[in-house]
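Engineer: Structure provided below as structure tokens; questions to follow.
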Amino acid sequence: MSKIKVPYSYLTTQFCKEKRAEILAAIDKVAKRGDFTLGRSVGEFEEKFAALCRAKYAIGLNSGTAALIAILEALEIGPGDEVITVPNSFIATAAAIDLVKARVVFVDVDEQYQIDVSKIEKAITGRTKAILPVHLTGCPADMTAINNIAERRNLYVVEDAAQAVCAEVDGKRVGHLGIAGEFSFHPLKNLNGWGDAGAVVTDHKWLADKVAKWRNHGMKNRDEVEFFSVNERMHSTAAAVLNCLVGHAEDITEKRIANAALYDELLKPFHPHVVLPPRPANKKQVYHTYVIRVLDGKRDELQKFLLEERGIDTKVHYPIPIHLQEAAGHLGYKLGDFPNCERQSFEILTLPVHQYLTKAQIVYVAECIADFVNMQK
Ligand SMILES: *Cc1c(COP(=O)(O)O)cnc(C)c1O
């Protein structure tokens with residue numbers, strides 16, 4: 001079989017000479033104006049991004065992690081409080097909770113890699129302040145069930161939507177389905193910048209105002225400081241880059257969805273060696289990652305085969321659950337506490353699904369997986 005290269009990263013294609021010229025011109029405008037901190041480009045991006053999320057407010061920060069911490073700080077979540085989240089996320093989700101000195105309480109995940117809503121109630125105590133679902137892979141968590149529990153138990157819902165720009169539940173965009181949501185514009189996220197950036201999205205003015213002050217030294221205005229705080233503003237240059245890209249977010253999303261649909265169709269026959277997550281009709285998934293499960297203990301072997309024999313670059317998001325990381329030692333969790341998450345960490349494999357893949361590349365990836373499955377028989 002002819003070997004087609006299928007790289008995981010697409011950044012050199014996305015930022016081709018033509019696109020770079022457009023972005024460099026936008027950065028040049030910032031430099032000409034000299035408004036490097038909270039300049040015009042930041043306000044422009046916040047407006048565009050709020051509109052994209054169909055939210056009232058967006059506040060730009062210098063990373064997704066900073067945005068998550070800003071939300072928790074604005075909600076006055078801190079020592080003595082507990083926040084419920086998942087152990088299969090990127091490390092930043094749990095880190096943000098820990099860094100505001102609240103306790104991270106994990107709940108296991110379901111077949112969609114989302115928080116298992118049937119296990120949330122049992123994790124709630126008198127100290128619980130918030131539920132923090134992560135729309136991992138770009139698949140929204142079950143927000144209706146989560147909001148119902150939160151309402152009954154008087155808890156905040158904070159969305160980690162870092163991987164889920166444009167994702168929807170029942171036709172509503174994520175990020176402001178709870179009190180607030182966090183997005184990341186890391187270079188490998190669906191809406192990506194040149195370096196780090198993030199945003200908080202909310203429909204609540206008081207929260208937007210508080211986050212806006214939090215990221216900027218707690219300043220009410222040029223001279224008056226309401227509270228001691230950090231400097232985690234979105235850079236004007238980062239916003240200028242994002243302003244060149246935000247208009248493409250819907251297109252990028254549709255391409256990723258189409259790529260995922262083709263994979264779904266081509267890989268379905270290989271069940272149960274290759275397991276696809278359920279695709280509920282009320283959720284619009286945006287496929288930050290396209291994650292299959294490889295059973296029979298063959299994940300690592302398949303990954304090696306695809307890379308070394310077929311030139312296909314895949315990843316694992318993430319091989320070590322957060323509760324088993326050294327960093328989480330003080331939380332007191334152990335192997336066996338979250339069986340679904342732990343099992344999945346040995347089975348999950350992320351296939352390239354980015355917007356620059358050709359149909360031929362996707363067909364080739366599926367054919368190579370088929371070859372591997374057939375070789376096992
Ligand atoms: C990327 C990511 C973050 C953190 O975003 P940064 O911009 O890298 O700080 C948080 N949570 C999840 C689920 C992510 O994927």
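Engineer: Please report, ordered by residue number, the helices (runs of 4 or more DSSP H) entirely within region 221-312 with at least 3 residues that are surrounded by fewer than 18 Cβ atoms within 10 Å (Cβ to Cβ) and not β-branched (V, I, T).
Structural biologist: Ranges flagged: 249-267, 299-304.
Engineer: Moving to a separate point now. Take region 335-351 and flag every residue that is among the hydrophobic types (A, V, I, L, M, F, W, C) and surrounded by 14 or more Cβ atoms within 10 Å (Cβ to Cβ).
Structural biologist: Answer for region 335-351, where residues must be among the hydrophobic types (A, V, I, L, M, F, W, C) and surrounded by 14 or more Cβ atoms within 10 Å (Cβ to Cβ): F338, C341, F346, I348, L349, L351.
Okay, residues lined up against (1) over 30 Å from K119 (Cβ atoms); (2) within 16 Å of the ligand (Cβ to nearest atom):
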{"position": "A162", "(1), (2)": "no, yes"}
{"position": "G171", "(1), (2)": "no, no"}
{"position": "G181", "(1), (2)": "no, yes"}
{"position": "P187", "(1), (2)": "yes, yes"}
{"position": "V201", "(1), (2)": "no, yes"}
{"position": "G218", "(1), (2)": "yes, no"}
{"position": "V230", "(1), (2)": "yes, yes"}
{"position": "A238", "(1), (2)": "yes, yes"}
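Engineer: Do you know which residues across region 4-17 are modelled with pLDDT under 95 and charged (D, E, K, R)?
Structural biologist: K5
Engineer: Related question: More than 28 Å from I252 (Cα to Cα), among the small types (G, A, S) and assigned to a loop (DSSP other than H, G, I, E, B) - does that describe any residue in region 173-184?
Structural biologist: no
Engineer: Which of the residues that make up region 150-164 are open to solvent by less than 10 Å² (accessible area, probe 1.4 Å) and not in a strand (DSSP E or B)?
Structural biologist: A150, A161, A164
Engineer: Moving to a separate point now. Can you report the number of residues in region 170-189 which are open to solvent by less than 30 Å² (accessible area, probe 1.4 Å) and either among the small types (G, A, S) or in contact with a Ser or Thr (Cβ under 7 Å, 6 or more places away or on another chain) (or both)?
Structural biologist: Residues that pass the stated criteria total 6.
Engineer: Tell me yes or no: at least one residue of region 322-329 is surrounded by fewer than 19 Cβ atoms within 10 Å (Cβ to Cβ), assigned to a loop (DSSP other than H, G, I, E, B) and in contact with a strand residue (DSSP E or B) (Cβ under 6 Å, 6 or more places away or on another chain).
Structural biologist: Looking through region 322-329, none of the residues is surrounded by fewer than 19 Cβ atoms within 10 Å (Cβ to Cβ), assigned to a loop (DSSP other than H, G, I, E, B) and in contact with a strand residue (DSSP E or B) (Cβ under 6 Å, 6 or more places away or on another chain).
Engineer: From the list G297, G329, which one is within 30 Å of K377 (Cβ to Cβ), more than 19 Å from the chain's Cα centre (by Cα) and small (G, A, S)?
Structural biologist: G297
Engineer: Checking the structure you have, find out if any residue of region 122-129 is modelled with pLDDT of 95 or more and either within 15 Å of V169 (Cβ to Cβ) or within 16 Å of the ligand (Cβ to nearest atom) (or both).
Structural biologist: The answer is no; no qualifying residue exists.
Engineer: Where residues in region 27-59 are of a type outside the set (A, V, I, L, M) and assigned to a loop (DSSP other than H, G, I, E, B), which of them is least open to solvent (accessible area, probe 1.4 Å)?
Structural biologist: Here the answer is G39.
Engineer: Still on this model: Do we find a residue being within 16 Å of the ligand (Cβ to nearest atom), touching a Pro at 6+ places or on another chain (Cβ under 8 Å) and either part of a loop (DSSP other than H, G, I, E, B) or of a type outside the set (S, T, Y) (or both) anywhere in region 204-212?
Structural biologist: Among the residues of region 204-212, not one is within 16 Å of the ligand (Cβ to nearest atom), touching a Pro at 6+ places or on another chain (Cβ under 8 Å) and either part of a loop (DSSP other than H, G, I, E, B) or of a type outside the set (S, T, Y) (or both), which makes the answer no.
Engineer: How about region 73-108: which of its residues are within 13 Å of the ligand (Cβ to nearest atom) and either outside any loop (DSSP other than H, G, I, E, B) or among the aliphatic types (A, V, I, L, M) (or both)?
Structural biologist: T85, V86, I91, A92, T93, A94, A95, A96, I97, L99
Engineer: Taking T65, is it under 20 Å from H317 (Cα atoms), open to solvent by 30 Å² or more (accessible area, probe 1.4 Å) and part of a helix (DSSP H, G or I)?
Structural biologist: yes
Engineer: Hey, another quick one. Filtering region 190-206 down to residues that are closer than 22 Å to I149 by Cα and surrounded by fewer than 20 Cβ atoms within 10 Å (Cβ to Cβ), which residue is nearest to the chain's Cα centre (by Cα)?
Structural biologist: D203
Engineer: Taking the conditions exactly as written (part of a strand (DSSP E or B), under 23 Å from F185 (Cα atoms) and open to solvent by less than 50 Å² (accessible area, probe 1.4 Å)), does A130 satisfy them or not?
Structural biologist: Here the answer is no, as A130 does not meet what is asked.
Engineer: Another question about this same structure. Applying the selection to region 352-377, what residues are surrounded by fewer than 14 Cβ atoms within 10 Å (Cβ to Cβ) and of a type in the set (G, A, S)?
Structural biologist: Within region 352-377, just A360 meets the criteria.
The values are calculated or read from the model by the stated rules, or taken from the named source; none is laboratory data. Predicted model only: the values in this text are computed from it and were never measured. Note that we place each Cβ from the backbone using ideal geometry, even for glycine, and neighbour counts take in every protein chain shown. Side chains are part of the model used for accessible areas, which takes the heavy atoms of the whole protein and leaves out ligands, DNA and RNA. Shrake-Rupley method; radii C 1.70, N 1.55, O 1.52, S 1.80 Å.
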